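Step one of this worksheet: look at the structure below.
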Amino acid sequence: MKQISDVISITLVTFFTFSCNSAEPITESDVINALNDFFSAIDVDNLDRKHLVTNLVTDDFRIYEMENNFTLEQFFNFIDSQENNIISTNWELSNFTVSIDDKSAHVHYLNQGRFLMLDSLEQEQIINIEWLESAYFVKQNGSLKLKFLQSDDITKDNSTTPE
């Protein structure tokens with residue numbers, strides 16, 4: 001009888017050990033894809049931007065941008081105040097350094113943004129900004145959610161587009 005209870009105990013311990021670790025591990029590719037999804041969602045062309053982004057971030061998401069600490073709602077208010085002048089947005093993310101543990105990930109990277117805007121005279125302006133950024137993701141309900149994004153300007157260049 002002792003042997004049967006030992007076998008059952010070992011089986012149960014093995015089962016619980018493997019079932020607790022059955023969650024898919026976070027990969028570098030998962031982190032980079034989640035980051036790209038965020039930037040795609042905030043693109044000026046997305047009419048349902050707020051809904052898309054809300055599904056990609058945690059409830060307590062924060063972004064530190066332009067020396068301001070924004071909640072998601074404050075960040076959208078800022079974007080919306082700029083939106084009338086923005087014609088197109090484009091981000092090129094590169095030079096990723098990713099750190100991963102069981103339930104979270106951190107990435108820092110270079111972001112080169114290009115914005116086509118209308119100035120006060122209705123002339124098109126191209127603004128190129130280069131940032132060094134850092135993002136922290138947590139795993140919630142099986143998917144990565146952006147919890148914090150920090151951004152520092154490296155360079156900024158404005159130019160008028162040729163007619």
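The values are calculated or read from the model by the stated rules, or taken from the named source; none is laboratory data. On a predicted model such as this, the values are computed, not experimentally measured, just so you know. Positions of Cβ are backbone-derived with ideal geometry, glycine not excepted, and every protein chain shown enters the neighbour counts. Please note that ligands, DNA and RNA were not included when accessible areas were found on the heavy atoms of the full protein model with its side chains. Shrake-Rupley method; radii C 1.70, N 1.55, O 1.52, S 1.80 Å.
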Quiz item: Is there any pair linking a residue in the stretch 83-103 that is free of Cβ contacts under 8 Å to residues at least 40 places away in the same chain and among the polar types (S, T, N, Q) to one that is part of a strand (DSSP E or B) and open to solvent by 60 Å² or more (accessible area, probe 1.4 Å), with Cβ under 8 Å and at least six apart or on different chains, and which?
Solution: N90/R114; S94/Q112; T97/H108; S99/H106
Exercise. Report the residue count in the stretch 101-121 for those that are in a loop (DSSP other than H, G, I, E, B) and closer than 23 Å to K139 by Cα.
Key: 3
Practice problem: Under 7 Å between Cβ atoms, at least 6 apart or on separate chains: pull out the pairs that start in the stretch 26-53 with a residue that is in contact (Cβ under 8 Å) with a residue 24 or more places away in the chain and end on any residue that is among the charged types (D, E, K, R) and open to solvent by 30 Å² or more (accessible area, probe 1.4 Å). | Solution: I26/K139; V44/E83
Quiz item: Quick check: is even one residue across the stretch 106-129 under 30 Å from A23 (Cα atoms) and open to solvent by 40 Å² or more (accessible area, probe 1.4 Å)?
Solution: yes
Practice problem: State all residues of the stretch 135-154 that are open to solvent by less than 80 Å² (accessible area, probe 1.4 Å), farther than 19 Å from S40 by Cβ and either part of a loop (DSSP other than H, G, I, E, B) or of a type in the set (S, T, Y) (or both); if no residue qualifies, say none. | Solution: G142
Quiz item: Is there a residue in the stretch 155-163 that is modelled with pLDDT of 90 or more, surrounded by fewer than 16 Cβ atoms within 10 Å (Cβ to Cβ) and either part of a strand (DSSP E or B) or over 15 Å from the mean Cα position of the chain (by Cα) (or both)?
Solution: no
Quiz item: Can you tell me which residue in the stretch 27-55 is farthest from the chain's Cα centre (by Cα), limited to those that are modelled with pLDDT under 95 and aliphatic (A, V, I, L, M)?
Solution: L47
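Among the listed residues F15, F61, F75, which satisfies the condition of being surrounded by 11 or more Cβ atoms within 10 Å (Cβ to Cβ) and at pLDDT below 90? Step through it out loud before you land on a result.
Values: F15 fails: surrounded by 11 or more Cβ atoms within 10 Å (Cβ to Cβ); F61 fails: at pLDDT below 90.
Sole residue among the options that is surrounded by 11 or more Cβ atoms within 10 Å (Cβ to Cβ) and at pLDDT below 90: F75.
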